[in-house]
Structures are given as C-alpha cells and as structure tokens.
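K.L.:
What follows is a single structure, and I will ask about it in a moment.
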Amino acid sequence: MSNGKQDWQNPDAVNLMLDDCKTWAVVGLSGNPDRTAYRIAALLQQRGKRIVPIHPSAPTVLGEPGYATLADVPFPIDVVDVFRQSEAAGEFADQAAKVGAKAVWFQLGVIDEDAFRRTTDAGLAMVMDTCPAIEWGKRNDIP
C-alpha cells in the first residue's frame, strides 16, 4: 500500500461508510449548532444514519443521547467520525478498533498517518481529511 491521500480517501472505504454503515458515533459532537460537527451530524441524520454523540459532558444532541466515551456506548457502532485536532484524533481510532467499530472517519483537516496505518492494519476501513458532505456532493444522489 502506498502512502498518500489516495489511500486516505479510498472510494471503497468511502462507499462502505456512506452506503452500508448506519450507526455513526460522532466524537466531539456537542449541542452547539454553529459547530461543524453539529451540522454534519444533522446531515447524517437526514441521510438515514443514527448518530451517537461522544463528548465528555455526554449531552443529548439532535434527539440522541450522548455518551462520555466510545466504550460507554451499549450497542454496536459502525463508524467513528472524529471531529478533533489531528494530534488528539489517533486515540479515537484506536478506541474504535477496541469497541468493534467497522470504520473510522477523520474529518477535513484531520490527518494522522500512524493512526491510519494502525486502524487499517486492524482490519477497519478508514478515511481521512474529507467530510461526508463533500463525498456525498461528489455523487449525483443529493436530495
């Protein structure tokens, strides 16, 4: 496998998450509608995804109860969507593997090549440095 953006945004991984994964844990999601995480979580809901807020204060956001950590979520998670700085994001990729998630999505501007390697080596799909809104926008199926 070569290193680089083409691996981070592999269309197969993107399609798996957008098409087949239903439950998205959104790390860093708070109730602030001005934050990007909130807007993307709302988009995920509009596209039929179940969102799970992951935030230290565990707020209920967009009608979904929050959890302080990924380990606190009492049901299976498909995707761990990380809205954190690059230097803090890798730990959530590692936690995603521990809780049995299928995939990890690092948002636009979030890059950790070591976490990408660890996560994909553990058998999870992963994308970095893009956003579901961007990837859905590349398709012709936006309502």
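K.L.:
I want to confirm something. Restricting to region 68-113 and keeping residues that are of a type outside the set (A, V, I, L, M, F, W, C) and touching a residue at least 40 places away in the same chain (Cβ under 8 Å), which single residue is surrounded by the fewest Cβ atoms within 10 Å (Cβ to Cβ)?
P.N.:
So in region 68-113, the residues of a type outside the set (A, V, I, L, M, F, W, C) come out as 69, 72, 74, 76, 78, 81, 84-87, 90-91, 94-95, 98, 100, 102, 107, 109, 112-113.
Then drop every residue that is not touching a residue at least 40 places away in the same chain (Cβ under 8 Å), which leaves 76, 78, 81, 84, 102, 107, 113.
Values: Pro76: 11, Asp78: 20, Asp81: 31, Arg84: 17, Lys102: 18, Gln107: 23, Glu113: 14.
Restricting to residues being of a type outside the set (A, V, I, L, M, F, W, C) and touching a residue at least 40 places away in the same chain (Cβ under 8 Å), the top hit is Pro76.
K.L.:
Follow-up question, since we're still on this one. Within region 58-78, how many residues are over 17 Å from Asn32 (Cα atoms) and hydroxyl-bearing (Ser, Thr, Tyr)? Give the derivation first.
P.N.:
First, pick out the residues of region 58-78 that are over 17 Å from Asn32 (Cα atoms): 69-78.
In the following step, the residues that additionally are hydroxyl-bearing (Ser, Thr, Tyr) were identified as 69.
Selection size over region 58-78: 1.
K.L.:
For region 11-32, which residues satisfy the criterion of being surrounded by fewer than 16 Cβ atoms within 10 Å (Cβ to Cβ) and more than 15 Å from Val61 (Cβ to Cβ)?
P.N.:
Narrowing region 11-32 to residues surrounded by fewer than 16 Cβ atoms within 10 Å (Cβ to Cβ): 11-12, 15, 19-20, 22, 31-32.
The answer is Pro11, Asp12, Asn15, Asp19, Asp20, Lys22.
Read-outs: derived from the displayed coordinates by stated rules, not from any lab. From a predicted model like this one, the values you see are computed outputs, not experimental measurements. Every residue, glycine among them, receives a Cβ derived from its backbone with ideal geometry; neighbour counts consider all protein chains shown.
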